[in-house]
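Trainee: So that we are looking at the same thing, I have put the structure below in structure tokens.
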Amino acid sequence: MLKGIAASDGVVCGHVFRYSEPDLSITKRSITNLDHELNRFHQALEAAVSEVEMIKTRATKNLGADSAQVFSAHIAMLQDPEFIKSVEDEIARQRCNAEAALATVVTDYGASLAKLTDNPYMQERITDLHDISKRVTAHLLGIKLPDLALLDRPVIVVTHDLIPSDTVSVDAKYILGFVTDLGGRTSHSSILARSLNIPAVVGTQTATADLATDEMVIINGTTGSVISEPTAAEIATAKQAMADRQANRVRLAKLRHHQTVTKDGIGVTLAANMGTANDIPSVLDNGAEAVGLMRTEFLYMDAERVPTEDEQFAIYRQVVSALAPRPVVIRTLDIGGDKPLPYLHQAPEANPFMGERAIRQSLAHQPLFRSQLRALIRASAYGHLRIMFPMIATLDEFRQAKAIYDDERSKLTTAQVPMGKIDVGMMVEVPAAAMLADRFAQEVDFMSIGTNDLIGYAMADDRTNQDVAYLYQPYHPAVLRLVDRIVRAGHAAGIPVAMCGEMAGDPIAVPILLGIGLDEFSMGAGSILKTRQLMGTLNVHELQSLADTVLNSTSTSQEVITMVQAAVPGILDVR
């Protein structure tokens, strides 16, 4: 049995798909049959083109035609006559194997492109060149590249770690669950698993070394355990748990069109977090009453260049109109940290999570920021839009960002561009902003607590560092006091306070947050219905006493969990 961090609840049994980079190292060798070698090269090219076409088809289905254009570029390069002839000539001139000739040509091409430092488009082609070279080399070596976009059967994905770009073209129906070496509850793989409502165990440290492709495993995302080579009895138990989970989903589906009301009649807004327009069906199917966070960085990360204003407008309009009259919070670009954009050519930073990211980058690159704001303002004509600035630390930052927004809105008003009412707010995820929440509340239309970063900064916890994962403690009294301070400040100023971090959908945290008086809970869509069911059993007036006890205690996180369990018996069953 492997132990890791319980990242997404549930039990699942299935075969492993080991997602890791294979060894593609090559050795140059002499050949005697030129025709045979040229034929090998052409067969590898054809196989690579066929593979990329399949990936493009899936990416188009899952992400839309614009986001799939990168694969069109890869196909064009694989079929480029000049590139093909260069490799053929190298094979003939050196009388060497095709993979060695390909490596030489790619190195030469890359060196030529690297000299064009003033041409961003050509710089982007270097990455494309290495991608196609890796795919063709794999076919020449007879090695199958693992690719989540090529999944055609349900599997449990076992990988070192997942980054957002790994999953942009994945068909979620083929993923039963995740197991990773690295990560914590706020890592990308964990958030993705919860949004897909599939079990996940992260931070096992050795899963990729210990588990082999096609091996049968059972993962328990509630306890954080992975069983390899399970017995027949263990498989039977896991399959029963899967059947029970599916039956519970059917029961929860009946709550899809219900309003969220606590046992004592207090209305609460349950909202969804989303990453792309492809999440719209999930948001609707899970009965979200709003979108508390739409992350716009995926629109940029899925492209080879900065999306134009019109391209962004089309996406924002699609989301806002499809979800109307529900309010939709769209966060401005939050790039940096673990989400760099290669085509922006950002300088490496020693500590990127505290560097030029989120609103800091937007203010430093105003043309990029203004283009996004114009697209958002235009989209407001089609529904209920709220714009949110991320990682605000100082009043000056918010005022500068708001002034740029006001300037662009004024220009569009003068141009008689249709627009609707827009609320402008901020994420509270920096402790300095939490401490000054009462001041910010006088200038914003709403506040949303981003607990993933707030906890990390408050606890000095690098959430990408497995060695300090234990410091991600959402129930720590210090974190809860910051949350309480923000909620009280918002209510004193008459503005709503939401939470869009992973803590909002955590069954242990929900009773405390209800007692504190949080107005809106935004979470992965897959967590909404079970949270609605839970809230229907809770009495807010009773939970206010629990919240007061926790906030005024000197307890540890584990002691807080024990308090919640005593106040709400059976709370862990919700997980």
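Trainee: Leu551 - would you say it is surrounded by fewer than 18 Cβ atoms within 10 Å (Cβ to Cβ), over 23 Å from Ala272 (Cβ atoms) and of a type in the set (A, V, I, L, M, F, W, C)?
Mentor: For Leu551, the condition - surrounded by fewer than 18 Cβ atoms within 10 Å (Cβ to Cβ), over 23 Å from Ala272 (Cβ atoms) and of a type in the set (A, V, I, L, M, F, W, C) - is met.
Trainee: Only one of Met459, Met435 is under 24 Å from Ile335 (Cα atoms) and either assigned by TED's automatic domain parsing to the domain that holds Arg331 or in contact (Cβ under 8 Å) with a residue 60 or more places away in the chain (or both); which?
Mentor: Every option except Met459 fails the conditions.
Trainee: Separate question: Give me the pairs, please: first residue somewhere in segment 120-140 and in the same structural domain as Ala98 (by TED's automatic domain parsing) and assigned to a helix (DSSP H, G or I), second residue anywhere and at pLDDT below 80 and crowded, with 20+ Cβ neighbours inside 10 Å, beta-carbon distance under 8 Å, and either six or more positions apart or on two chains.
Mentor: Between residues of segment 120-140 that are in the same structural domain as Ala98 (by TED's automatic domain parsing) and assigned to a helix (DSSP H, G or I) and residues that are at pLDDT below 80 and crowded, with 20+ Cβ neighbours inside 10 Å, the close pairs are Asp128/Val70.
Trainee: Something else: Assess whether Leu45 counts as being crowded, with 21+ Cβ neighbours inside 10 Å, over 30 Å from Asp210 (Cβ atoms) and in the same structural domain as Leu78 (by TED's automatic domain parsing).
Mentor: So Leu45 fits the description; yes.
Trainee: For Ala403, work out the one condition from (1) touching a helix residue (DSSP H, G or I) at 6+ places or on another chain (Cβ under 8 Å); (2) of a type in the set (A, V, I, L, M, F, W, C); (3) at pLDDT 95 or above; (4) surrounded by fewer than 17 Cβ atoms within 10 Å (Cβ to Cβ) it doesn't fulfil.
Mentor: Result: Ala403 fails condition (1) only.
Trainee: Hey, among Ile266, Ile227, which residue is hydrophobic (A, V, I, L, M, F, W, C) and closer than 29 Å to Gly517 by Cα?
Mentor: Every option except Ile266 fails the conditions.
Trainee: Which condition from (1) part of a loop (DSSP other than H, G, I, E, B); (2) of a type in the set (S, T, N, Q); (3) touching a His at 6+ places or on another chain (Cβ under 7 Å) is the one that Thr222 breaks?
Mentor: (3)
Trainee: Picking from Thr260, Thr180, Thr206, which residue would you name as being in contact (Cβ under 8 Å) with a residue 40 or more places away in the chain and in the same structural domain as Leu534 (by TED's automatic domain parsing)?
Mentor: Thr260
Trainee: Also, I was wondering about something else. Of all residues in segment 97-120 being modelled with pLDDT of 70 or more and acidic (Asp, Glu), which is farthest from Ala48 (Cα to Cα)?
Mentor: Here the answer is Asp108.
Trainee: Quick check on Thr556: is it within 20 Å of Asp264 (Cα to Cα), under 31 Å from the mean Cα position of the chain (by Cα), assigned by TED's automatic domain parsing to the domain that holds Ala288 and not aliphatic (A, V, I, L, M)?
Mentor: no
Trainee: Another question, if that's okay. Checking the conditions here, which among Asp519, Asp506 is farther than 14 Å from Ala434 by Cβ, surrounded by fewer than 21 Cβ atoms within 10 Å (Cβ to Cβ) and acidic (Asp, Glu)?
Mentor: Asp519
Trainee: So, one more: State all residues of segment 169-189 that are at pLDDT 80 or above and either out of contact with any Ser or Thr (no Cβ under 6 Å at 6 or more places or on another chain) or under 24 Å from Met523 (Cβ atoms) (or both); if no residue qualifies, say none.
Mentor: Answer for segment 169-189, where residues must be at pLDDT 80 or above and either out of contact with any Ser or Thr (no Cβ under 6 Å at 6 or more places or on another chain) or under 24 Å from Met523 (Cβ atoms) (or both): Lys173, Tyr174, Ile175, Leu176, Gly177, Phe178, Val179, Thr180, Leu182, Gly183.
Trainee: Could you tell me which residue of segment 16-54 is farthest from Gln94 (Cα to Cα), considering only residues that are in a loop (DSSP other than H, G, I, E, B) and out of contact with any helix residue (DSSP H, G or I) (no Cβ under 8 Å at 6 or more places or on another chain)?
Mentor: Among those residues, the one meeting the criterion is Glu21.
Trainee: On the basis of being part of a loop (DSSP other than H, G, I, E, B), touching a helix residue (DSSP H, G or I) at 6+ places or on another chain (Cβ under 9 Å) and surrounded by fewer than 20 Cβ atoms within 10 Å (Cβ to Cβ), does Arg305 make the cut?
Mentor: Spelling it out, Arg305 is indeed part of a loop (DSSP other than H, G, I, E, B), touching a helix residue (DSSP H, G or I) at 6+ places or on another chain (Cβ under 9 Å) and surrounded by fewer than 20 Cβ atoms within 10 Å (Cβ to Cβ).
Trainee: Also, I was wondering about something else. Within segment 452-466, is even one residue among the basic types (Lys, Arg) and in a helix (DSSP H, G or I)?
Mentor: no
Trainee: Filter segment 378-410 down to residues that are within 20 Å of Ala314 (Cβ to Cβ), among the charged types (D, E, K, R) and assigned to a helix (DSSP H, G or I), then give me how many there are.
Mentor: Summing the residues that are within 20 Å of Ala314 (Cβ to Cβ), among the charged types (D, E, K, R) and assigned to a helix (DSSP H, G or I) in segment 378-410 gives 3.
Trainee: Those residues that are of a type outside the set (A, V, I, L, M), closer than 19 Å to Ile449 by Cβ and without any contact (Cβ under 8 Å) to a residue 40 or more places away in the chain, I need them from segment 523-547; list them, please.
Mentor: Listed by number, the list holds a single entry, Gln544.
Trainee: Please state which one of Phe353, Phe369 is at pLDDT 90 or above and either hydroxyl-bearing (Ser, Thr, Tyr) or surrounded by 14 or more Cβ atoms within 10 Å (Cβ to Cβ) (or both).
Mentor: Sole residue among the options that is at pLDDT 90 or above and either hydroxyl-bearing (Ser, Thr, Tyr) or surrounded by 14 or more Cβ atoms within 10 Å (Cβ to Cβ) (or both): Phe369.
Trainee: Within segment 62-73, is there a residue that is out of contact with any Leu (no Cβ under 8 Å at 6 or more places or on another chain) and modelled with pLDDT of 85 or more?
Mentor: no
Trainee: Sticking with this structure for a sec: Consider Leu145 carefully, then state whether it is at pLDDT 90 or above and not small (Gly, Ala, Ser).
Mentor: Here the answer is no, as Leu145 does not meet what is asked.
Trainee: Sticking with this structure for a sec: Among the listed residues Gln94, Gln123, Gln79, which satisfies the condition of being at pLDDT 90 or above and either among the hydroxyl-bearing types (Ser, Thr, Tyr) or touching a Ser or Thr at 6+ places or on another chain (Cβ under 9 Å) (or both)?
Mentor: Unique residue meeting the criteria: Gln94.
Trainee: Just to be sure before I move on: is Leu196 on the phi < 0 side of the Ramachandran plot, modelled with pLDDT of 80 or more and in the same structural domain as Pro230 (by TED's automatic domain parsing) in the structure I sent?
Mentor: The answer is no for Leu196.
Each row is one residue, and each column tells you yes or no for (1) over 22 Å from Ala489 (Cβ atoms); (2) part of a helix (DSSP H, G or I).
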site: Ile512; (1), (2): no, yes
site: Gly515; (1), (2): no, yes
site: Ser527; (1), (2): yes, yes
site: Leu538; (1), (2): yes, no
site: Gln544; (1), (2): no, yes
site: Val560; (1), (2): yes, yes
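Trainee: Just to be sure, is Leu252 in a helix (DSSP H, G or I) and in contact with a Lys or Arg (Cβ under 8 Å, 6 or more places away or on another chain)?
Mentor: Against the criterion (in a helix (DSSP H, G or I) and in contact with a Lys or Arg (Cβ under 8 Å, 6 or more places away or on another chain)), Leu252 qualifies.
Trainee: What pairs come up if the first residue lies in segment 402-417 and is over 17 Å from Glu309 (Cβ atoms), the second is surrounded by 16 or more Cβ atoms within 10 Å (Cβ to Cβ), and their beta carbons are under 7 Å apart, counting only those six or more places apart or on different chains?
Mentor: From residues that are over 17 Å from Glu309 (Cβ atoms), the pairs are Lys402/Val424.
Trainee: Confirm whether Tyr475 is more than 22 Å from the chain's Cα centre (by Cα) and hydroxyl-bearing (Ser, Thr, Tyr).
Mentor: When the stated conditions are applied, Tyr475 passes them.
The values are calculated or read from the model by the stated rules, or taken from the named source; none is laboratory data. Given the structure is predicted, the values throughout are model-derived calculations rather than measurements. Please note: Cβ atoms are built from the backbone with ideal geometry, for glycine as well, and neighbour counts cover all protein chains shown.
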